[in-house]
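Read the structure below first, then the notes.
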Amino acid sequence: MAAFPLIRHNNPDSVFAWRAGQPVPVAHFLRDVAQLAASLPKKSFILNLCTDRYRFAVGFAAALSRGQTSLLPPNYTADFVARLTQRYPDLYCLTDGATDLRDIEVVAFPPAFSGAMSEAVPQIAETQSAALVFTSGSTGDPVAHAKSWGSLCRGAVAEAERLGIVQNSGMAVLGTVPAQHMYGLESSMLLAMQNGLALVAERPFYPADVSQRLASLPRPRCLITTPVHLRTLLSETEALPAVDFVLCATALLAPQLASEAEARFGAPLYEIYGCTEAGMVASRRTTEGADWHLLPGIEMRQDEQGCRVRGGHVEIESPLGDVIERNADGTFMLHGRTADLINIAGKRTSLASLNHHLNAIAGVQDGVFLMPEDGDGAVTRPLAFVVAPGLGAQQILDALRSSVDAVFLPRPLYFVDALPRNATGKLTRDSLLRLRQQCSKR
């Protein structure tokens, strides 16, 4: 049976991670993994809630070496975790902080490890189940999708190849996204583990902290982030440290924002496109055009039911929930989520397109459209929420009229202090509906 190594660093003295400003050698990491693995419960599934990315990596690797599968649910509310324990009774939780979860065994991450360092790199069967990743559940109950160790490893190598990363360069990888999210798992942790790079334990939130942490890391270094985090970073930070590249995902990035990021970081910016079912699928350098390029080994086919991908690290053919226009050269364009298409009075657009035009308005810090499902028989119009101090509703509507058909202008337009984005910068329909109720009561 074929196997893949836990990590691909070529020297036990190489830097595996940066933590609290100090380098953590590979041999240190391997020792921590071995010692934690020996103390974990004899169970099949782990819920890894460690917020420190290094500790998360140790927990993920220790569980993997014990043949355990990590669960990556869309949220960690007590209600959802309770549902998980019913579905996976052989489940326990590993955490490096306080937790109020009930009816589940909670294991505290050890405060420290001791003893001799290790140079033994575990070999993990490529078919071993490494993670169960859940859909958001916005259209029903969240669905779990299994990720084998082999598929995760091949994806990390393909991503590095596309981004032009030099193997074992020791590049420091700083992420503003949690490792518990598929994008964070793939690009802020596995990318480092499978290409000889150095992950960064901290996940800075405030722009000044992101900039300071980046500046403290040696070159080469990169930033793994989201459009909403990037927008805030650019708007609230005057001087940004140089990086070797910036990677964005979870939502489409406005070309203007990409151009500004490249100019201020002095580095290329790339976007990753994917989904829960398939993981990473394609990438693009946003300033070079709207076309997406499939990652190495992935093939796409299209029929009357939509687009599907397979090959490379995508082991099971997976549908893509987006409207896709394929090009003759194998690239493609995205036109928004299939579920986000809007048809009013015979005119069509998508929420993604409306969001793009709204956020392109000068002075708009953040904004999103929402299509209600009012069943009163009248024509349903989209509404929008916007964070735009200093702007008035008429200014925003006038700006939208230059790029959006009048039937899609938001009615009403709500001004808010902030949008209810989660840790990866995403907005759920439920959170927007709750926000609408709050705004309606004002």
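The values are calculated or read from the model by the stated rules, or taken from the named source; none is laboratory data. Since the structure is predicted, the reported quantities are computational estimates derived from the model, not experimental observations. Neighbour counts run over all protein chains shown; Cβ positions are idealised from the backbone, glycine included.
General remarks:
- Take the conditions (1) closer than 23 Å to ALA198 by Cβ; (2) within 18 Å of the chain's Cα centre (by Cα); (3) of a type outside the set (A, V, I, L, M); (4) surrounded by 23 or more Cβ atoms within 10 Å (Cβ to Cβ); THR250 misses just one of them, which is (1).
- The set of residues from segment 34-79 being buried (at least 21 other Cβ atoms within 10 Å of the Cβ), assigned to a helix (DSSP H, G or I) and either not aromatic (Phe, Trp, Tyr) or not assigned by TED's automatic domain parsing to the domain that holds VAL143 (or both) comprises LEU36, ARG53, ARG55, ALA57, VAL58, GLY59, ALA61, ALA62, ALA63, LEU64.
- Selection of segment 97-138 for residues being modelled with pLDDT of 95 or more, over 24 Å from ASN422 (Cβ atoms) and among the hydrophobic types (A, V, I, L, M, F, W, C) yields VAL107, ALA108, VAL121, ILE124, ALA125.
- ARG213 meets each of the listed conditions (1) assigned to a loop (DSSP other than H, G, I, E, B); (2) closer than 21 Å to VAL15 by Cβ; (3) over 19 Å from the mean Cα position of the chain (by Cα) apart from (1).
- In segment 288-320, the residue that is modelled with the lowest pLDDT out of those that are within 21 Å of the chain's Cα centre (by Cα) and not in a strand (DSSP E or B) is ALA290.
- Residue match in segment 259-278 (condition: in a strand (DSSP E or B), within 22 Å of LEU174 (Cα to Cα), among the acidic types (Asp, Glu) and under 20 Å from the mean Cα position of the chain (by Cα)): yes
Residues checked against (1) within 17 Å of LEU252 (Cα to Cα); (2) not in a strand (DSSP E or B):
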position	(1), (2)
HIS357	yes, yes
ALA362	no, yes
VAL368	yes, no
GLN394	no, yes
LEU397	no, yes
ASP430	no, yes
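- Single residue of PRO74, PRO89 found to be modelled with pLDDT under 95 and in contact with a Gly (Cβ under 7 Å, 6 or more places away or on another chain): PRO74
- Residue ID - modelled with the lowest pLDDT, chosen from residues in segment 171-187 that are farther than 12 Å from ASP52 by Cα and small (Gly, Ala, Ser): GLY184
- Residues satisfying the stated conditions in segment 213-227, i.e. surrounded by 21 or more Cβ atoms within 10 Å (Cβ to Cβ) and either basic (Lys, Arg) or closer than 15 Å to ARG203 by Cα (or both): ARG213, LEU214, ARG221, CYS222, LEU223, ILE224, THR225, THR226
- Scanning segment 1-33 for residues that are surrounded by fewer than 20 Cβ atoms within 10 Å (Cβ to Cβ) and either farther than 23 Å from ALA156 by Cα or of a type in the set (D, E, K, R) (or both) yields a total of 6.
- Evaluation of LEU253 against (1) farther than 19 Å from LEU320 by Cβ; (2) touching a helix residue (DSSP H, G or I) at 6+ places or on another chain (Cβ under 9 Å) (one fails), failing number: (1)
- Every pair of residues 6+ apart whose Cβ atoms lie under 6 Å, when the first sits in segment 247-261 and is modelled with pLDDT of 85 or more while the second is among the charged types (D, E, K, R) and part of a strand (DSSP E or B): CYS248/GLU271; LEU253/GLU271
- Selection status of ALA82, without any contact (Cβ under 8 Å) to a residue 24 or more places away in the chain, assigned by TED's automatic domain parsing to the domain that holds PRO204, assigned to a helix (DSSP H, G or I) and of a type in the set (A, V, I, L, M): yes
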